[in-house]
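The values are calculated or read from the model by the stated rules, or taken from the named source; none is laboratory data. Predicted model only: the values in this text are computed from it and were never measured. Note that we place each Cβ from the backbone using ideal geometry, even for glycine, and neighbour counts take in every protein chain shown.
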Amino acid sequence: MFYIGIDLGTSAVKLLLMDEEGGIHKIVSREYPIFFPKSGWSEQNPEDWLDAAIDGIKELTADCKKELVAGIGFGGQMHGLVALDQNDQVIRPAILWNDGRTGEETDYLNREIGKEKLSECTANIAFAGFTAPKLLWMKKHEPEKFAKIEKIMLPKDYLAYRLSGVFCTDVSDASGMLLMDVKNRKWSREMMEICQIRESQLPRLYESYEVVGTLVPAFARELGLPETVKIVAGAGDNAAAAIGTGTVGEGRCNISLGTSGTIFISSKTFGVDANNALHSFAHADGHYHLMGCMLSAGSCNKWWNEAILRTKDFVKEQEQIKKLGENQVFYLPYLMGERSPHNDPNVRAAFLGMSMDTAREDMTLAVLEGVAFGLRDSLEVARSLGVPITRTKICGGGARSPLWRKIIANVLNLKVDVLESEEGPALGGAMLAAVGCGVYKDVESITQKLVKVTDTVEPEPELVAKYEERYRRFREMYPAVKGLYR
């Protein structure tokens, strides 16, 4: 039997066809536009997602026996607000995870409602990218559209709804809405009252591996797939990627270098850090996780190479870098503001320490190091909780760079495990579909069988010491510049 994983990313949808032994038979992707109508705003059209996904499934299954496709699971960009009216029409373009328009609403929630109250209700505080502040923004600035809302959903759940007809979400993705009581895995009545929404406007909550329904007849006919294909709830992109990398159970770590950057720590028990610097979310394995999220990671490298250097040959740019740990140029990786651990949507990126002898490769290296230092900021919060992390998996487009993997291993002083198959949320979505279809008894079982480590990057004591000194300098820079962006 075959299982489809759909990763609804920020710039493209990636689709993967997997058999029950974990063999990957085909991968396709389809891009779609992202719109920036104002500075700091970020939107997409949900219909573009659906069109791209349907077109991608057709190509994905073109050469396989379609009657053997048993299930579809999802990973997807988190936090985005998709609002439908009573006729299931999209009311406005989806407001995405990296949209920064909700500064006032975020301040209201954190200051007026209070961080302590928010943490008590949801295990988290308000961040500009979360869904609840977007609802408050819409209520204030688009009251007529807000009044029309009948269904509130997340990006991947729009695909699940259209494919299955079931209004659903999963607990890992819903954790990032600031509307869910994470500890008890249910919607928070207090947050619904604060946002002036009804529970009927929110989807039913499922575990990530649970079947929500089957493929609706219209799409089954269009795709040539059986109506018996099971639609599985799936997970937020980082939780889905964690499944694909085997980051489940107690004290496992995964670093994702995608458009955004995350450090993801799985746990069998619920926990929250005192300052809510890390997100405390439900995990796709039925347990919990802590996560630090940088808004710009791989996007920093893409911006530097494509927009500034005007090249797409990332490999060639990194080949010029010969020496690590001695760069005098620093880069603050805050192109879209920052989430963890600063929670500052207004701060922006900067280069510091340039001089007359600064070279092109110094700037390129500074970008890679700046992202690694930003990830270390979140790792330090986890370490302050007594979490004993000594190694991590790594995934995402940036993880293909041997140089970046080496920098991360030494900046964070962690062993970095490289995987045989690094396909991120799409693989995680397919694995969740296989669990939902009953091929494996639980998430931990499938990860134990399918996830294989092929190489480990070991930190080097001398380089770790050099980066320790540089990280101390990096930590002084955000406090020094944040006042410039108020």
>> I'd like the residue in the range 424-446 that is touching a residue at least 12 places away in the same chain (Cβ under 8 Å) and surrounded by fewer than 22 Cβ atoms within 10 Å (Cβ to Cβ) and, out of all such residues, is nearest to the chain's Cα centre (by Cα).
In response: 444
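Would you call residue 377 closer than 22 Å to residue 237 by Cα and either acidic (Asp, Glu) or at pLDDT below 95 (or both)? Walk me through it before giving the result.
Details: closer than 22 Å to residue 237 by Cα: yes; either acidic (Asp, Glu) or at pLDDT below 95 (or both): yes.
Spelling it out, residue 377 is indeed closer than 22 Å to residue 237 by Cα and either acidic (Asp, Glu) or at pLDDT below 95 (or both).
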> Based on what the data block shows, is residue 415 surrounded by fewer than 17 Cβ atoms within 10 Å (Cβ to Cβ) and touching a Lys or Arg at 6+ places or on another chain (Cβ under 8 Å)?
Replying inline: yes
>> Quick check on my filter: what residues within the range 180-201 are within 29 Å of residue 442 (Cβ to Cβ) and in a loop (DSSP other than H, G, I, E, B)?
In response: 182, 183, 184, 185, 188
>> Being among the β-branched types (Val, Ile, Thr) and at pLDDT below 95: is that true of residue 387 here?
In response: yes
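With a cut-off of at least 2 residues that are among the acidic types (Asp, Glu) and surrounded by fewer than 21 Cβ atoms within 10 Å (Cβ to Cβ), name the helices (runs of 4 or more DSSP H) lying wholly within the range 63-151. If you could, list the steps in order and put the result at the bottom.
Values: elements: 103-107, 115-122, 131-141, 143-147.
Because the criterion is at least 2 residues that are among the acidic types (Asp, Glu) and surrounded by fewer than 21 Cβ atoms within 10 Å (Cβ to Cβ), the helices (runs of 4 or more DSSP H) in the range 63-151 that meet it are 103-107, 115-122.
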>> So in the range 336-361, with the set limited to residues that are among the charged types (D, E, K, R) and part of a strand (DSSP E or B), which one is modelled with the highest pLDDT?
In response: 338
>> For the range 425-452, give me the residue count where each residue is farther than 27 Å from residue 12 by Cα and not in a helix (DSSP H, G or I).
In response: 5
> Could you say whether any residue in the range 376-394 is touching a residue at least 12 places away in the same chain (Cβ under 8 Å) and more than 27 Å from residue 271 (Cα to Cα)?
Replying inline: no
> Can you name every residue in the range 78-103 that is of a type in the set (Asp, Glu) and modelled with pLDDT under 95?
Replying inline: 99
> How about the range 202-310: which strands (runs of 3 or more DSSP E) wholly inside it have at least 2 residues that are of a type outside the set (S, T, N, Q) and buried (at least 19 other Cβ atoms within 10 Å of the Cβ)?
Replying inline: 211-214, 230-232, 253-257, 261-267, 279-282, 288-294
>> I need every pair where a residue in the range 458-472 that is closer than 23 Å to residue 418 by Cα has its Cβ under 7 Å from the Cβ of a residue that is polar (S, T, N, Q), sequence separation at least 6 or different chains.
In response: 459/410; 459/413; 460/410; 463/410; 464/410; 464/413; 467/410
> Looking at residue 156, is it basic (Lys, Arg) and crowded, with 24+ Cβ neighbours inside 10 Å?
Replying inline: yes
